[in-house]
Amino acid sequence: MILADTSVWIDYLNGLITPQTDLLDGALIDGTLAMGDLIFLEILQGIRDDQQYKNVKLKLSLLEQHSMLTPLIIFKYSSNYRTLRKRGITIRKTNDVIIASFCIDQKMDLLYVDRDFKPFCDHLGLRSAYTPAYPC
């Protein structure tokens with residue numbers, strides 16, 4: 001299963017064509033895409049138009065849903081943040097810590113464009129759903 005970060009969903013819903021949105025589209029067709037509640041919240045709260053809100057809410061509700069934060073998992077997620085911090089890496093948003101840590105814990109690939117996820121790949125075993133053919 002693949003989880004797509006909000007940044008990729010925003011591009012997708014705005015009609016941008018990128019390698020990540022193409023991969024998202026393919027995962028939707030293949031049925032290999034899941035939705036995290038935190039990501040769902042971020043997507044819905046960013047939609048201004050009422051009709052688009054209803055449509056997106058209805059369609060994304062059909063995806064396999066996951067609760068990303070539970071009381072038992074908080075310690076593991078905070079440990080991930082602290083591990084990176086000790087390496088001199090500060091993750092800017094708590095939501096990114098939750099999303100990356102959830103994917104690591106659940107062994108799910110994450111589709112993202114946000115640079116804050118790369119340290120999770122480099123140091124904590126997060127798997128990226130997209131790897132460019134010729135990385136920089």
Just the residues that are closer than 15 Å to Val56 by Cα, under 12 Å from the mean Cα position of the chain (by Cα) and among the polar types (S, T, N, Q), please, taken from the range 1-21. Thr6
Of these, Ile43, Ile29, which one is in a helix (DSSP H, G or I), within 20 Å of Ile98 (Cα to Cα) and of a type in the set (Val, Ile, Thr)? Ile43
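Return the only residue of Tyr53, Tyr81 being surrounded by 15 or more Cβ atoms within 10 Å (Cβ to Cβ) and more than 26 Å from Leu126 (Cβ to Cβ).
Tyr53
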Counting only residues in the range 13-50 that are surrounded by fewer than 21 Cβ atoms within 10 Å (Cβ to Cβ) and among the hydroxyl-bearing types (Ser, Thr, Tyr), the one nearest to Thr131 (Cα to Cα) is identified as Thr18
Based on what the data block shows, is Asp96 buried (at least 19 other Cβ atoms within 10 Å of the Cβ), among the acidic types (Asp, Glu) and closer than 27 Å to Asp122 by Cα? yes
Hey, could you check the range 70-101 for residues that are assigned to a loop (DSSP other than H, G, I, E, B) and among the polar types (S, T, N, Q) and say which is modelled with the highest pLDDT? Thr90
Just name the residue that is nearest to Thr70 (Cα to Cα) out of those in the range 27-55 that are under 16 Å from the mean Cα position of the chain (by Cα) and small (Gly, Ala, Ser). Gly36
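The values are calculated or read from the model by the stated rules, or taken from the named source; none is laboratory data. In this text, all values refer to a predicted model and were calculated from it rather than measured experimentally. Cβ atoms come from the backbone with ideal geometry, glycine included; neighbour counts cover every protein chain shown.
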